[in-house]
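**Student:** Got a structure for you, questions after.
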Amino acid sequence: MYKVMQLLDANHIKDLLKQKGLEKVYLIEKEYNCLLFLGEVRGSHVIIGIYQGSRSIYAKIVNAQHVLEPYWKCDYLDYVPHGLYTFSNNIEELVDKIIMKIDRVLRVQNH
């Protein structure tokens, strides 16, 4: 039996990301099953794709310097060889996991 998934609410997710430590958050693309954000933390920028899967929600976090701006698209982000994924069944937990992985993405990929 499939669990009914919650809809992705861009404003709610943006607020959560800011509450948890991102200095600035911009929505750059909104698709049926994907939201793409640009976040700023300590002068660095990350692209955060949040996707509605069939059984869970998941995110991919990528250092923005690794993706040319014309490719900041939901469909393209999966093909970027950099970044980290995280999965959850609720958006609050997913945002917590995203915040934990942002530091790792920036630390590892800035070297």
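**Student:** Just name the residue that is farthest from residue 102 (Cα to Cα) out of those in segment 44-89 that are polar (S, T, N, Q) and in contact with a Phe, Trp or Tyr (Cβ under 9 Å, 6 or more places away or on another chain). Talk me through it step by step, then tell me what you get.
**Tutor:** First, pick out the residues of segment 44-89 that are polar (S, T, N, Q): 44, 52, 54, 56, 63, 65, 86, 88-89.
Add one more test, that the residue is in contact with a Phe, Trp or Tyr (Cβ under 9 Å, 6 or more places away or on another chain), and what stays is 52, 54, 56, 86, 88.
On the way: 52: 20, 54: 25, 56: 20, 86: 11, 88: 16 Å.
Restricting to residues being polar (S, T, N, Q) and in contact with a Phe, Trp or Tyr (Cβ under 9 Å, 6 or more places away or on another chain), the top hit is 54.
**Student:** I'm checking my understanding of the structure. Among residues of segment 34-52 that are within 18 Å of residue 79 (Cβ to Cβ) and in contact (Cβ under 8 Å) with a residue 40 or more places away in the chain, which one is surrounded by the fewest Cβ atoms within 10 Å (Cβ to Cβ)?
**Tutor:** 34
**Student:** Just one of the numbered conditions (1) loosely packed, with under 14 Cβ neighbours inside 10 Å; (2) within 22 Å of residue 106 (Cβ to Cβ); (3) out of contact with any helix residue (DSSP H, G or I) (no Cβ under 6 Å at 6 or more places or on another chain); (4) not charged (D, E, K, R) is not true of residue 27; which one?
**Tutor:** All conditions are met except number (3).
Every number in this text was worked out from the coordinates using simple rules, so none of it is lab data. None of the values given here were measured: they were computed from a predicted structure. Neighbour counts run over all protein chains shown; Cβ positions are idealised from the backbone, glycine included.
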